[in-house]
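Peer 1: Please read through the structure below; I'll follow up with questions.
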Amino acid sequence: MLEEKDLESVKKISEASHQIKRELSKVIVGQHDVVEQLLISMFAGGHCLLVGVPGLAKTLMIRSFAQTVSLAFNRIQFTPDLMPSDITGTEVIQEDKTTGQREYRFIPGPIFANVILADEINRTPPKTQAALLEAMQEHQVTAGGEKHQLPNPFFVLATQNPIEQEGTYPLPEAQLDRFMFNVMVDYPSEAEELEIVKRTTADIEVKIVPTLTAEDISQLTHIVRKIPIADHIAQYAINLVRQTRKDSADAPDFINRYVQWGAGPRASQYLVLGAKARAILDGRNFVESDDIRKVALPVLRHRIKTNFNADAEGITTDDLILRLIDSIAVGTENDNGTEVFRATEAG
């Protein structure tokens, strides 16, 4: 059970999320789902990969997002000649003028900030991409045998262009799995595009008012993990993940036909964490099955690898996830207190 102070924190998170959305709407037109997924990942303590064609304000959105929560922000433009030390920092020899002794001193790189915009992350070689792995997972950087803690909170928000493949380096699966969400940034509607043109071609200066501090976010991320989840809702999330795995006992026929490999246990963890964060943003202190369904696409789409059959028939991971959601019913607790699951579609 949540304590009274925790319930107040749930209310604070919900109110802050509405305020952040209002501040972002001063700069960003539309993209409501993208903004919500960014908020969910922030309060759940996860990282985000934003995928979209150029010109959809991905960079502007992330920079403005950092301003609304009053966090230290650094942008790293990934290029083919970028080295790992350009991101994490490097050691230099420094001489003490009084004693004449020389010693190594660590110069922090741009990764030492609360929000890191890894712009066009697929344009740099795997060696440099891998420099982010330890930072994303352990929130620390190792240089010269010394560990250096990163600021808290710490979020990596990476962007990727899906249409340009020449001269790019696909992210390795181990690194993709570190991203909590894979967020698809789509084209705006006609009305939204008209509003974008009117705003960006006028002499208008917008000021974003910070809503939360770094200390606030660090405290509130702990509240997300305190939100209770019923066993049958957690089991629903696990069933959803397990059925993405080809040739497993739980996998339906269409998964065996179209999937090369499925999602791992980290997907189950992020489904539950994301659902808890979404419940809080909605002002609830309990998780519903709809929360699991709403975060299923961004959690699973980069953790499922389709095979040649799917590519030949134009079937995407999103198609498979939506079909899985339709085929799995949420469990209910019977009189004996156990969960009962049924499929609404036969593979």
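Peer 1: Give me a comma-separated list of calculated 3J(HN,Hα) values for the stretch 23-34, in order, Karplus coefficients 6.51, -1.76, 1.60 applied at θ = phi - 60°, integers in Hz, x for any Gly or Pro.
Peer 2: Computed from phi, the couplings for the stretch 23-34 are 5, 5, 5, 5, 10, 9, 9, x, 6, 5, 5, 5 Hz.
Peer 1: Ok, one more. Can you tell me which of V206, V295, V330 moves the most in a GNM of the chain? Springs connect C-alpha atoms under 10 Å apart.
Peer 2: V206
Peer 1: Considering only DSSP beta bridges with both partners in the chain, what is the antiparallel share in %, to the nearest 5?
Peer 2: The antiparallel fraction comes to roughly 50 percent.
Peer 1: Below 17 Å, Cα to Cα, which lysines can K11 reach? Residues fewer than 8 away in the same chain don't count.
Peer 2: K21, K226, K276
Peer 1: In the chain, with Lys and Arg counted as +1 and Asp and Glu as -1 at Cβ, which of these residues, F78, H232, T90, has the Cα nearest the positive end of the dipole, that is, farthest along it?
Peer 2: The Cα lying farthest towards the positive end belongs to T90.
Peer 1: Separate question: For every helix of n ≥ 4 consecutive DSSP H residues, a contribution of -39,500 (n - 2.57) applies; sum these over the chain, divide by its total residues, and give [θ] at 222 nm rounded to the nearest 500 deg cm²/dmol.
Peer 2: -13000 deg cm²/dmol
Peer 1: Something else now. Could you identify which residue out of E313, E193, E120 has the top mean-square fluctuation in a GNM of the chain using Cα springs shorter than 10 Å?
Peer 2: E313
Peer 1: Let me ask something else. What is the Cα radius of gyration of the chain over 2.2 N^0.38 Å, N being its residue count?
Peer 2: The reported ratio for this selection is 1.08.
Peer 1: Ok, one more. Using the Karplus curve 6.51 cos²θ - 1.76 cosθ + 1.60 with θ = phi - 60°, work out ³J(HN,Hα) for each residue of the stretch 152-158 in order, rounded to whole Hz, and write x for Gly and Pro.
Peer 2: Listing the rounded values in order: 10, x, 9, 10, 9, 10, 9 Hz.
Peer 1: Give me the percent of Cα-Cα pairs in the stretch 96-152 that sit more than 12 Å apart, rounded to a whole number.
Peer 2: 73
Peer 1: While we're here: Which is the longest run of the chain containing none of the trypsin sites (Lys or Arg not before Pro) found in DSSP loop states (not H, G, I, E, B) with at most 10 other C-beta atoms within 10 Å?
Peer 2: The segment 208-341 is the longest one with no such site.
Peer 1: So, one more: Any idea what the relative contact order of the stretch 227-340 is, in percent, if you count C-alpha pairs under 8 Å spaced at least 6 apart?
Peer 2: 31
Peer 1: Further, regarding this structure: Can you give the relative contact order of the chain as a percent, counting alpha carbon pairs under 8 Å and 6+ residues apart?
Peer 2: About 21 percent, as a whole number.
Peer 1: Over the alpha carbons of the stretch 47-162, what is the largest minus smallest coordinate on each principal axis, giving the biggest first in Å?
Peer 2: Reported extents, whole Å, longest axis first: 55, 32, 24.
Peer 1: Which log10 I(q)/I(0) values does the stretch 13-88 give at q = 0.19, 0.22 Å⁻¹ under the Debye formula, counting every alpha carbon as one identical point scatterer?
Peer 2: Taken in order of the listed q values, log10 I(q)/I(0) reads -0.89, -1.12.
Peer 1: Further, regarding this structure: So what's the angle, to the nearest 10 degrees on a 0 to 90 scale, between helix 265-281 and the longest Cα principal axis of the chain?
Peer 2: The helix 265-281 is inclined about 90 degrees to the chain.
Peer 1: Quote to one decimal, in nm, the extra length available between H222 and D318 on full extension: 0.36 nm per residue of separation minus the C-alpha distance between them.
Peer 2: 31.5 nm
Peer 1: Taking the Cα centre of the chain as origin, work out the dipole magnitude from +1 charges on Lys and Arg Cβ and -1 charges on Asp and Glu Cβ, in debye rounded to 20.
Peer 2: 420
Peer 1: Once amide H atoms are built 1.01 Å from N in the peptide plane, which residues 5 or more positions from T306, or in another chain, come under 5 Å H to H?
Peer 2: Amide H neighbours of T306, under 5 Å, 5+ apart: Q260.
Peer 1: Quick one: what are the phi-derived ³J(HN,Hα) couplings along the stretch 231-237, Karplus 6.51/-1.76/1.60 with θ = phi - 60°, whole Hz, x for glycine and proline?
Peer 2: Each residue's phi maps through the Karplus curve to give 4, 6, 6, 5, 5, 4, 4 Hz.
Peer 1: Here is a further query. How would S64, S41 line up from fewest to most surrounding beta-carbon atoms within 10 angstrom?
Peer 2: So the residues, fewest neighbours to most, are S64, S41.
Peer 1: Still on this structure, I have one more. Express the Stokes-Einstein translational diffusion coefficient of the stretch 227-340 in µm² s⁻¹, to the nearest whole number, given a Kirkwood radius over alpha-carbon pairs, 10 °C and a viscosity of 1.306 mPa s.
Peer 2: 110
Peer 1: Antiparallel versus total DSSP beta bridges in the stretch 50-200: what percent is that, nearest 5?
Peer 2: Beta bridges within the stretch 50-200, antiparallel portion: roughly 45 percent.
Computed from the coordinates by the stated procedures, all read-outs in this text should not be read as laboratory data. All values derive from a computational prediction rather than experimental measurement. Please note: Cβ atoms are built from the backbone with ideal geometry, for glycine as well, and neighbour counts cover all protein chains shown.
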